[in-house]
Amino acid sequence: MNACRGEDRSQADGAPSGARLATNALSLMFSDGLVLLIGLLLGNLILFCMQGVPISVRYSLMIIPTWWAAAILIGLVPGWGLGPVEELRRIELLLLAVFALAGVAYFFSREHVLPSRVVYIASYLSSAALIPLLRCGMRKLLTIPGWWGTATAVYGNADTVPRIIDALQREPELGYRPTAIFSDDLAWGSRLKGIPVLGGTDESTATAGTAIASLAHFPERRLTAFVDETLSRYRRVILLPAIHENAFSWVVPRNFGGLIGLEVTSNLLRSSSRAIKLGFEYGFVLITLPLWLPLTVLTALLVLAVDRHKPFYLQLRRGRFNRPFRAIKLQTMVSDAEARLEQALQENPALREEWNEHFKLREDPRITPLGRYLRRWSLDELPQFLNVLAGQMALVGPRPLPEYHHASLSEEVLAPRYRVRPGITGLWQVSGRSEAALEEMEKLDTFYVRNWSVWLDLVVLARTVSAVMMKRGAY
């Protein structure tokens, strides 16, 4: 068939694909290079302040083009389709490799003046923290005028196409901009979520460089021709064998004599992964103890002085293997909290509906004025660092739920939660925090358990800080 009705959209899709690729790639290379240069200057400045060594980066500047070349090779430039977790993993591992390579190169260099270890450490640490942040900011800047990402054609049926479009529009940072739909059971010329339906699944468009295709509904006799002919017109093709609500991130294709299998890994089932997570979290809690412990004590004294009741509250929660434990929180509610809640729910049907959906209320009659402030900044959660040290909770994991909420979950949802320790923060909280509905919480918690990695935990922790500072979803 022709390649087709989407030709007249070339102007509407913005810059040609080559110009868009160059803009995206050069923008990220600029932000990465800027961070590396700042890191090198910072290290030299520290060395100057400590030892009076003149500031000079000429022996270290080769790190920047080395980074650029390696980043292109491993797909960090332009970085479409990586997602925050995979991007963070590649950035940190590449930084280690580049700085290690630079160290070896300088060791064998004939130069007598070599960069100090202070320069290396300061540059590495600042780059490890700032490269992901500046990349995020650069993508947001490019997204505003519509310059970020690659035009993407979506193939599927009336069931799968809306779900693919939703996923892509929820995560624009992935860089897949849906610009055309091809489906055999959607009306040609119509629009779905603002995206035009340009034809059937045997057609294509020259204005999209990427295609995402759901193969679930294709009969086997058509599948080979579809992949070999229609999809071969695109530079990049992503095939979705089936769409699952809780997929695995860590998937490795395996070839068995021409048969393709997918190896999936549940990292938290490995004792080594659990040991790494435990060591990281204990280390984090102990290192930050001088910060959170005095703040916890001061906040507890404030609760005692203002609200005139016990500052700490122990609430029964379910942990790993369904073992009960007492989660420690700062008291934020009035003494007759449950009676007030029941009265409010009986008097206001809208509140009852909100409670049934979230098990939380924006205007909760149980919370004291001081308690609202503590919850807004998540200060009431600080004592749960003690639960982490006691081995009852984790820094990141599915949130431990009250008994009334826990009892509403199905066995299918509870099973993965019982495999891990509950967390102070979690993927649900940073994906809308209290605003995410219960169904979304169940999906995200299950996804976290199946796809845990150190990198995912770091992303969740970074987003938690952002959510707290912006006071998103906390009430």
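Here, each number is a calculation from the coordinates, and none is a lab measurement. Bear in mind the structure is a predicted one, so any value in this text is a computation, not a measurement. Every residue, glycine among them, receives a Cβ derived from its backbone with ideal geometry; neighbour counts consider all protein chains shown.
With the simple model of a label 7 Å out from the Cα in the direction of the Cβ, V465 to I144 spans 2.4 nm.
The convex hull drawn around the Cα atoms of region 289-351, when projected onto a plane and averaged over every direction, covers 6.8 nm². Ordering S273, S31, S214 from the fewest to the most neighbouring beta carbons within 10 Å gives S273, S31, S214. Among I46, I72, I165, I212, the order by Cβ neighbours within 10 angstrom, fewest to most, reads I72, I46, I165, I212.
Give me the base-10 log of I(q)/I(0) for region 168-309 at each q in 0.11, 0.17, 0.18 Å⁻¹, Debye formula, one uniform scatterer per Cα, rounded to two decimals. Computed log10 I(q)/I(0) values: -0.68, -1.10, -1.18. In this label model, F280 and N255 are separated by 3.3 nm, measuring between points 7 Å along each Cα→Cβ vector. For E263 and Q169, the difference between the fully extended length at 0.36 nm per residue and the C-alpha to C-alpha distance is 31.0 nm. Its relative contact order, with pairs defined as Cα atoms under 8 Å and 6+ residues apart, puts region 17-143 at 42 percent.
With R₀ fixed at 41 Å, the C-beta to C-beta distance from R221 to E403 puts the FRET efficiency at about 0.15. Between M62 and A19, the FRET efficiency estimated from the beta carbon spacing at R0 = 30 angstrom works out to 0.55.
Based on the Cβ-Cβ distance from A105 to A305, what FRET efficiency comes out when R0 is 56 Å, to the nearest 0.05? After rounding to 0.05, the efficiency reads 0.40. Taking a span of 18 Å or more along the helix axis (Cα atoms) and a mean Kyte-Doolittle hydropathy of at least -0.5 as the rule, the DSSP H helices of the chain that qualify are 17-51, 83-107, 117-143, 271-287, 289-307, 454-470. Beta-bridge orientation, the chain: approximately 45 percent antiparallel, per DSSP, counting only bridges with both partners inside. Using mean projected area of the Cα convex hull in nm² as the read-out, say which of [x] 29.1; [y] 22.9; [z] 30.5 was calculated from these coordinates. After the calculation, the listed value that fits is [x]. Simple spin-label model, 7 Å along Cα-to-Cβ: F312 to L289 in nm? Label-label distance for F312 and L289, simple model: 1.5 nm. When the listed pairs K140/K360; K310/K443; K277/K310; K329/K360 are checked against a 27 Å cut-off, the alpha-carbon distance exceeds it for K140/K360; K310/K443; K277/K310.
Across all C-alpha atoms in region 244-323, the radius of gyration and Dmax reach 22.2, 72 Å.
Cβ-to-Cβ counts within 10 Å put D364, D202, D228, D185 in ascending order as D228, D185, D202, D364, the fewest first.
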